[in-house]
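Working notes for the structure below.
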Amino acid sequence: MESRPILKSKTYLYLTEFFSGMSVMAVELGASRLLAPYFSSSQIVWTIIIGTIMIAMALGNIYGGRSADKNPNPDRLYGRIIIAAIWIAAIPVVGKYMIIGISALLIFSVSNHFLIIAAFVACIVIFVFPLFLLGTVTPSLVKYTVDSLDDSGKTVGTLNASNTIGSIIGTFVPTFISIPAVGTAVTFLIFAGILLLLSGIYFVSAKVCPRQMKKLFAGTALFLICCIFGHDTSFAFWQTDLTYEGESIYNYLQVYENEDEVVLSTNVLFGVQSVYRKDKGLTGMYYDYAMAAPLMTDWDNGSKRKEVLILGMGSGTYATQCQRYFDNLNMEGVEIDQKITDLAREYFELPGEVKVTTYDGRAYLNAIDTKYDVIMVDAYQDITIPFQMSSVEFFTLVKEHLKEDGVMVVNMNMRGTKEGNINQYLADTIASVFSQVYTVDVAYSTNRELFASNDPDMRERFSKNRLLPEDAKLLDMMQRVDENLVKYEPGSYIMTDDKAPVELLGMRVIDELIEDEVSYYKTIYKEQGIEGLMNSLN
C-alpha cells in the first residue's frame, strides 16, 4: 500500500467505513421513495430493493477484496467512491425518467408479474452499480488497516462497528429528518455530497498526482450540475400544475385540482385516494355508495345521534360527505399520516369539528373501548393493503367496537375476477366474523363496497331508511345501492394475522388490470410494429 499521511492513524479509514455504511442505508431508503410513486411502497417492493442491494453489496465485497489483493492502493478505493457519489447524485436527475422508460418497454413484453419485474429491473439499472462500488469499501479497508494477525480481530471489529453505526444513522436520518424536510431528491444529493467530500479530503491531503486530482475536479463539477438539475423534488414531471407536491414520513403526496374537484394521490401517481367536489355534491365515487352504511343502522328518524369512525381518514372525503348529507352523525377519524390530515384541513375543507387521531387504525381500536354505529375501513390503496387490517383478528376487533345494530363498511379498491382474488379473501374473512355481508360494485371503477353486520335486519332496514334523505341525488344514489346490493355467499379463503398474503393477491389483480389496459396497444404493436403503435398514441 502506498504511504498516505492521512491514513497513518487509521482514523480516516474508520470514517470512510462509517460514511459508506451511512450512505448505503440512505440510498436504500431513498430507493423505496423513488420507486413508490410508480410501483407502490409494498413489502414486495421493499423485498426487491433489499434483495437487489444485498446482491450489489455481495458482488462489491468480492471485487473489492480481489482488487485490494492485486493492487492495495487506497487511491483506487477513493476513486470508486467518487464515481459512486456522482452516480447517486445523478439519480434525482434521471432516475424517474429511467423508471418510466423501463416500464414502457416492459409493459409490451411482460404478461405476468409486471410490477415485480419492472421494479426489479429498475432497481438493478439505477442502484446496483453505485452500491456495488460502495460494497468494495469494507474488504479494501480491511486490507489497508490490518497490519498483523495479532490485532486483526480488533481492527476488523472496529471497522464493522463503524459501518454498523453509520448504517444506523443512515436509517434514521433520511426517514425522520431529511426526506420529510427536504425530500428524496435532495437526500440523495446530501449523501452523494458526503461521499464526494470524503474522497476530496483524502485526495487533497494525500497530494496525489494531477491525473487523480482531475478526477476529483471532474467529479465535483458533475456533482454541482446534478445539484442544479436534480434538486427538483417533483415525481410527476409531466404535470406542471400541481397544487401541492411533497413527502411525509409515510408517503409521497400530491394534490391537484381543476374547475370541479380537488384530488389527493398518495404513492401511486395515477391513483386517486380522495376527492373533494367544489360544487359540494356527490363525488361519483365509492364514498357515495358507502353513505348507505348509516342508513343500515336503526335510524330512528334521525332523532338519535350516530357515532361514525373512519379508519384511514385520508383527506376526509367520507366524513365531509356524511356531514353534508346527514345531520345526526358525529364523525371521527384515524389517519396514520399527520401530513395528510394537514392537507385535508388546508385543501379539502375537512371540518374543524371532525376529530382526527394520528395513529394506526388497529392500534387505535386496541387502545379504546368506545362502540360505534358505523366503522368505515378505508385503509387499502393499490397493493399496499396492511395485512394487520385484513385478518380475522382485525375484523373481530372491529365487531367488538360496533353497537348491536352497528355496520362496518369496507372499501375494497381492486375488483379481481379470477378465483381466489384479493376481494374474495377479504370478503370470506369478513364473513367468518359477521353473519350479514353484502357487497355492491362501484360503477365505472374497480372499487367494491362491502357492508357487514351481525344485525339480521340490516338489509330490510336499509330498504326502508334509504327513502329518508331529502336530497334528490342522494335518494337516487341510495336506490342504486339498494338495487345492486348482493348478499355475499362466503367461501373458505380466510386470512389471519399469521397468514395474510395480501400483497401477492393484490399484485395478481394489478396484473389483470394492466393486461386489460394494454391489450389493445399490444395488438397494434404485434401487427404494425413500433410505427403503428406511435401513430395510435398520437
Self-check item: Projected label distance in nm at His231 and Arg324, using a 7 Å step from Cα toward the beta-carbon
Solution: 4.0
Practice problem: Return the percentage of antiparallel bridges among DSSP beta bridges fully within the chain, rounded to the nearest 5 %. | Solution: 60
Exercise. Would you work out which of Ser109, Ser32, Ile6 lies farthest towards the positive end of the dipole of segment 5-230, given +1 charges on the beta-carbon of Lys and Arg and -1 on that of Asp and Glu, about the Cα centre?
Key: Ile6
Exercise. Take Met57, Met213, Met296, Met22 and order them by how many other Cβ atoms sit within 10 Å, fewest up front.
Key: Met213, Met57, Met22, Met296
Practice problem: Could you give the size of the charge dipole of the chain about its Cα centre, using +1 on the Cβ of each K and R and -1 on the Cβ of each D and E, expressed in debye and rounded to the nearest 20? | Solution: 2700
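In deg cm²/dmol and to the nearest 500, what is the mean residue ellipticity at 222 nm of the chain if only DSSP H runs of at least 4 residues count, each as -39500 (n - 2.57), divided by the residue total?
-18500 deg cm²/dmol
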Practice problem: Could you tally the net charge around Gln479, taking each other residue with its Cβ under 11 Å from the Cβ of Gln479, Lys/Arg +1 and Asp/Glu -1? | Solution: 0
Quiz item: Of Thr175, Ser41, Ile99, which is farthest along the charge dipole of segment 5-230 in the positive direction, counting Lys and Arg as +1 and Asp and Glu as -1 at C-beta?
Solution: Ile99
Self-check item: For segment 333-368 and segment 391-421, distance of Cα centres in Å
Solution: 20
Quiz item: If r is the Cβ-Cβ distance from Ile169 to Ser9 and R0 is 30 Å, what FRET efficiency results, to the nearest 0.05?
Solution: 0.85
Quiz item: For segment 161-227, which trypsin sites (Lys or Arg not before Pro) are in a loop by DSSP, counting at most 16 other Cβ atoms within 10 Å?
Solution: Lys207
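If exposed means no more than 12 neighbouring beta carbons inside 10 Å and the site is in a DSSP loop, what's the longest run of the chain without any exposed GluC sites (Glu not before Pro)?
Counting at most 12 other Cβ atoms within 10 Å as exposed, the longest clean stretch of the chain is 3-258.
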Practice problem: Pick out, from Ala119, Asn423, Thr187, the residue whose Cα sits farthest towards the positive end of the charge dipole of the chain, with +1 on the Cβ of Lys and Arg and -1 on the Cβ of Asp and Glu. | Solution: Thr187
Quiz item: Assigning unit charges at the beta carbon (Lys, Arg +1; Asp, Glu -1) and nothing else, what dipole magnitude in debye, to the nearest 20, does segment 282-504 show about its Cα centre?
Solution: 220
Self-check item: Distance-filtered residues of segment 352-379 - backbone nitrogen under 20 Å, label point 7 angstrom along Gln338 Cα→Cβ
Solution: 352-365, 367
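Given Cβ point charges of +1 (Lys, Arg) and -1 (Asp, Glu) and nothing else, what value in debye, to the nearest 20, does the dipole of segment 5-230 about its Cα centre take?
520
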Quiz item: Taking the simple approach of a point 7 Å from Cα along Cα-to-Cβ for both Asp457 and Tyr444, what is their distance in nm?
Solution: 3.7
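Throughout, read-outs are computed from the coordinates displayed, never taken from laboratory work. Keep in mind the model is a prediction, meaning the values are calculated, not measured. All Cβ positions, even for glycine, are placed from backbone atoms using ideal geometry, and neighbour counts span all protein chains on display.
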